[in-house]
Amino acid sequence: MEYFSAVAKWLSNKAAQPLACFAAFLVILVWGLVGPSFRFNNTWQLIISTFAAVISILMLFIIQNSQNRHTIAIQLKLDEIIRATKGAHNEMMDIEKLTDEDLTRIQKKYGLLAEKTKEDLKHGKLDTHTPDISAARVRTPAAPQSMGGK
């Protein structure tokens, strides 16, 4: 597994270089130039189709591996900022592991806080303080009224 990670990291770095784009362009150019010698037949088309499919599938996994590494690194950096910031909520570390419902609930709290801050700014107040997020009340929609009258 560690070997795959090392190879994926190396390939990901190489694929992001301008030389990789040039190499892909060169492959397509050569393929197009040899078309007349193959009389543009099915074999000639199959070569580029197979090559493109194989490279696409491999790059899918390499890019996903790279994205996962970067996401973990960013998350760890954010966790460190939260840990080191006075007044920050340490409960926000590992928040990505919460359920969608929990994330939505917290997102609504921050949305309400942003709305309150915008109102405060309209009234000349500063927005540089650190309000308590637990003070934000998430309003839940009222239960729907029945259509049958009373």
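The values are calculated or read from the model by the stated rules, or taken from the named source; none is laboratory data. Note that the structure is predicted; figures quoted are calculated from it, not measured. All Cβ positions, glycine included, derive from the backbone under ideal geometry; neighbour counts span all protein chains shown.
For this structure, a couple of remarks:
- Some residue of the stretch 70-79 being surrounded by 11 or more Cβ atoms within 10 Å (Cβ to Cβ), over 30 Å from MET1 (Cβ atoms), of a type in the set (Asp, Glu) and modelled with pLDDT of 90 or more: no
- Being over 25 Å from the mean Cα position of the chain (by Cα) and in the same structural domain as ALA6 (by TED's automatic domain parsing) is a property that holds for LEU46.
- Pair list, Cβ under 6 Å, 6 or more apart: the stretch 76-98 residue outside any helix (DSSP H, G or I), other residue of a type in the set (A, V, I, L, M, F, W, C): ALA88/ILE82; MET93/ILE82
- Qualifying position, being in the same structural domain as SER66 (by TED's automatic domain parsing), of a type in the set (Gly, Ala, Ser), assigned to a helix (DSSP H, G or I) and in contact with a helix residue (DSSP H, G or I) (Cβ under 9 Å, 6 or more places away or on another chain), among ALA24, ALA53: ALA24
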